[in-house]
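The values are calculated or read from the model by the stated rules, or taken from the named source; none is laboratory data. What you are looking at is a predicted structure, and each value in this text was computed from that prediction instead of being measured. Please note: Cβ atoms are built from the backbone with ideal geometry, for glycine as well, and neighbour counts cover all protein chains shown. Heavy atoms of the whole protein, side chains included, go into the accessibility calculation; ligands, DNA and RNA do not. Shrake-Rupley method; radii C 1.70, N 1.55, O 1.52, S 1.80 Å.
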Amino acid sequence: MLGFEGGEFLDASIEALRMFARQGLRLLTLTWSERNELADGAAESGTRGGLTTFGKNVVRECGRLGVMVDVSHISEGGFWDVIDMAEAPIVASHSNCHAIYGHPRNLTDDQLKSIAETGGVVAITLNPEYLAIDGGDITLGTVCDHVLHALEVAGEDHVALGSDFDTFTGDVPLNGVDELPFLTAELLKRGVSGKTLAGVLGGNWMRVIRAICK
C-alpha cells in the first residue's frame, strides 16, 4: 500500500493526487513538520496556521478517492481544520500522547478523542524522539504508557501501532518487527486484554483501511 509523508509530492496539483491514487496511493500524511502548500507542519505551530485552500481541497478529494488522511506532523491549527471537515475516519499514523510527553508532535487528549469520534485510529510510534525527553530512560514500559493512555482516552477501537522503524536505530525499546512480541508480552502484563491487543496490533488499522480505501 502506497503512502506519502508530506503533500509536497502533489506539487500543488489536485490532478497529481488523482494520478497517484490511480497508481495505488491510499494514505497521505498532509505535512511533514514544515510548511507546505497544504498546511503548516508541527514545527510551524507558532503561526497558528492551518489548512490552505488547496489543503482543504486535497482533504475533500482524498475522501472521494478513498485515500486516508493522516494528521501526524501537522500543526494544531491544521489538525482542527481536518477534524472540522471530516466525513470519514481520520488517522494519525505515527503520533504519541502529549499528556505523557509534551513534544509538539504528540497529540493532546482532546485531539485523541476527536480522532476517535471520526471513527479513526491513533497509531503509537516507537520512535524515541516522541516517547520521552532526550536522555530519559526509554523502555518498553514507556511505549506501554503511551499505548495505555491512548486506550483510556480514545478507546480500544481507536489505538494502533505506527512504528516509524525507518527513522531510528540503536539503544531503543524495539528495533524491528521481529521484536514486537516483547511489546505484546509487556502490554499483557500491564493488563491489556487479548481482544484489545488484537485491535492494537492490527485489527483497528484494518477496520479503517477497509472503511476508506477503494
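What number of residues within the range 129-145 satisfy the criterion of being closer than 17 Å to His73 by Cβ and either open to solvent by 30 Å² or more (accessible area, probe 1.4 Å) or not in a loop (DSSP other than H, G, I, E, B) (or both)? Full working, then the answer.
So the first thing to find is which residues in the range 129-145 are closer than 17 Å to His73 by Cβ, and the list is 129-131.
From what is left, the residues that are either open to solvent by 30 Å² or more (accessible area, probe 1.4 Å) or not in a loop (DSSP other than H, G, I, E, B) (or both) are 129-130.
Count: 2.
Which of the residues belonging to the range 81-102 are of a type in the set (Val, Ile, Thr) and open to solvent by 40 Å² or more (accessible area, probe 1.4 Å)? Working first, answer last.
Pass one, the range 81-102, residues of a type in the set (Val, Ile, Thr): 82-83, 90-91, 100.
Once the filter is applied, which keeps residues that are of a type in the set (Val, Ile, Thr) and open to solvent by 40 Å² or more (accessible area, probe 1.4 Å), the range 81-102 yields only Ile100.
Would you mind stating whether Arg210 is charged (D, E, K, R), within 24 Å of Ser45 (Cβ to Cβ) and either open to solvent by 50 Å² or more (accessible area, probe 1.4 Å) or touching a Ser or Thr at 6+ places or on another chain (Cβ under 9 Å) (or both)? Working first, answer last.
Values: charged (D, E, K, R): yes; within 24 Å of Ser45 (Cβ to Cβ): no; either open to solvent by 50 Å² or more (accessible area, probe 1.4 Å) or touching a Ser or Thr at 6+ places or on another chain (Cβ under 9 Å) (or both): yes.
No: the conditions fail for Arg210.
Out of the range 9-29, which residues are surrounded by 13 or more Cβ atoms within 10 Å (Cβ to Cβ), modelled with pLDDT of 95 or more and of a type outside the set (Gly, Ala, Ser)?
Matches in the range 9-29: Leu10, Ile14, Leu17, Arg18, Phe20, Leu25, Arg26, Leu27, Leu28, Thr29.
Could you please find all residues in the range 186-196 being surrounded by fewer than 17 Cβ atoms within 10 Å (Cβ to Cβ) and assigned to a helix (DSSP H, G or I)?
Of all residues in the range 186-196, those surrounded by fewer than 17 Cβ atoms within 10 Å (Cβ to Cβ) come to 188-191, 193-195.
Across the range 186-196, the qualifying residues are Leu188, Lys189, Gly194, Lys195.
Restricting attention to the range 162-185, which residues are open to solvent by 40 Å² or more (accessible area, probe 1.4 Å) and either more than 23 Å from Met206 (Cβ to Cβ) or among the aliphatic types (A, V, I, L, M) (or both)?
Matches in the range 162-185: Thr167, Thr169, Gly170, Asp171, Asn175, Val177, Leu180, Ala185.
Evaluate the following for Ala150: is it open to solvent by less than 30 Å² (accessible area, probe 1.4 Å) and either farther than 16 Å from Leu187 by Cβ or not in a helix (DSSP H, G or I) (or both)? Give the derivation first.
Values: open to solvent by less than 30 Å² (accessible area, probe 1.4 Å): yes; either farther than 16 Å from Leu187 by Cβ or not in a helix (DSSP H, G or I) (or both): no.
Taking the combined requirement at face value, the residue does not satisfy it.
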